[in-house]
Amino acid sequence: MDIKHQHNLSLRAVIFDCDGILVDTEPLHYRAFQKILAPLGLAHSFEHYMEHFIGFDDRDAFLHSFSEGGRELDAAALEALIAAKAQALQEQIRHGVGTFPGVVELVRELSRNGTPMAVASGALRHEVYAFVKSLGLNGAFCAVVAADDVKKSKPDPETYILALDRLKLAMGWQELEAASCIAIEDTPAGIESARSAGLYVIGVTNSFEEKELRAADHVVASLAGMDYPELSRLLELGRNA
């Protein structure tokens, strides 16, 4: 599908969150965090992690853990912890990662249709690339924004603003309206980030219940069966609402 046809259908690009959308990484992140936190006396349950840590990047997760434990954490120690956690996560990734129904199929369908795609993630860049590779989706995304690239993590809009800029540069476009792009997210923080940047947002209930994702423009239980025409239809409905 050529760019002119895409423009006629309104939808010009799709931006995916990574953790909780492309890949089911929360169990991996949890185990990696615990490997670092447990020796420090800051371990917590998976239930606590899912309730309080979803949507955090590594920096915020460690800061929150230390805050919960009433402990101070200076910048140098924080960077060392992030590096140690990254190594622990790589060990987890070597054993493979899971995904969600319809995700790989949607990315491949959009790729066949020539729809530009990006990743806007709170994970580190090397982690995002490892996840994408593990799903067999190398080359599908023309832009990636990771935690390394921003000063303020989600829910701040910086991640999505930068993703739009990189998409525009990668495609050689002079203009790219945020309202012509769809973000696919699974957390309230991610939805707020994308909405604040001006994108149409689809929330997927992989990590939170539908009621917690009500700030999204549209909420689905799964990406199974989703394709370019359906995404275009939702975007058009949103514009006319």
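Descriptive notes on the structure:
- Under 19 Å from Lys85, Cα to Cα: aspartates and glutamates that are on another chain or at least 8 residues apart: Asp19, Asp24, Glu26, Asp57, Asp58, Asp60, Glu68, Glu72, Asp74, Glu127, Asp148, Asp149
- At the listed q of 0.13, 0.27 Å⁻¹, the Debye profile of the stretch 26-93, built from one uniform point per Cα, gives log10 I(q)/I(0) equal to -0.30, -1.45.
- In the chain, the longest principal axis of the Cα atoms and the axis of helix 125-134 are about 70 degrees apart.
- For the chain, the equivalent ellipsoid derived from the alpha-carbon gyration tensor has semi-axes of 31, 17, 17 Å in decreasing order.
- Cα pair distances in the stretch 100-152, grouped into 5 Å bins until the bin that holds the longest one, percent each: 4, 19, 28, 25, 14, 7, 2
- Distance-filtered residues of the stretch 125-158 - backbone nitrogen under 12 Å, label point 7 angstrom along Ala170 Cα→Cβ: 129, 138-146
- Magnitude of the charge dipole, the stretch 26-93, Cβ model with Lys/Arg +1 and Asp/Glu -1, debye to 20: 220
- Principal-axis tilt of helix 26-37 within the chain, Cα atoms, nearest 10 degrees: 30
- The chain - mean residue ellipticity at 222 nm from DSSP helices (-39,500 (n - 2.57) per run, n ≥ 4, rounded to 500): -14000 deg cm²/dmol
- Counting every other Cβ atom within 10 Å of each residue's Cβ, Glu209, Glu79 order from fewest to most as Glu209, Glu79.
- Magnitude of the charge dipole for the chain, about its Cα centre and with charges confined to Cβ atoms of Lys, Arg (+1) and Asp, Glu (-1), is about 540 debye.
- Residues Cys18, Cys181, arranged from fewest to most other Cβ atoms within 10 angstrom of their Cβ, appear as Cys18, Cys181.
- For Asp19, nonlocal amide neighbours, meaning residues 5 or more places apart or on other chains whose placed amide H falls under 5 Å from its own, are Gly122, Ala123.
- Between helix 103-112 and the chain there is an angle of about 40 degrees, using the helix long axis and the longest principal axis of the Cα atoms.
- The peptide list 21-28, 146-153, put in order of mean Cβ contacts within 10 Å with the highest first, becomes 21-28, 146-153.
- Within the stretch 115-176, the GluC sites (Glu not before Pro) that combine a DSSP coil assignment with at most 12 other C-beta atoms in a 10 angstrom radius are Glu175.
- Flagged links, alpha-carbon separation over 30 Å, of Lys35/Lys211; Lys35/Lys133; Lys35/Lys168; Lys133/Lys154: Lys35/Lys211; Lys35/Lys168
- An ellipsoid equivalent to the stretch 80-169, defined through the eigenvalues of its Cα gyration tensor, has semi-axes of 22, 20, 10 Å when rounded to whole angstrom and sorted largest first.
- Footprinting exposure proxy for Val132, Val201 (fewest neighbouring C-beta atoms within 10 Å first): Val132, Val201
Each value in this text was obtained by applying a stated rule to the coordinates, not by laboratory testing. Every value quoted in this text rests on a predicted model; they were computed, and no experiment measured them. As a convention, Cβ positions derive from the backbone with ideal geometry for all residues, glycine included, and neighbour counts pool all protein chains shown.
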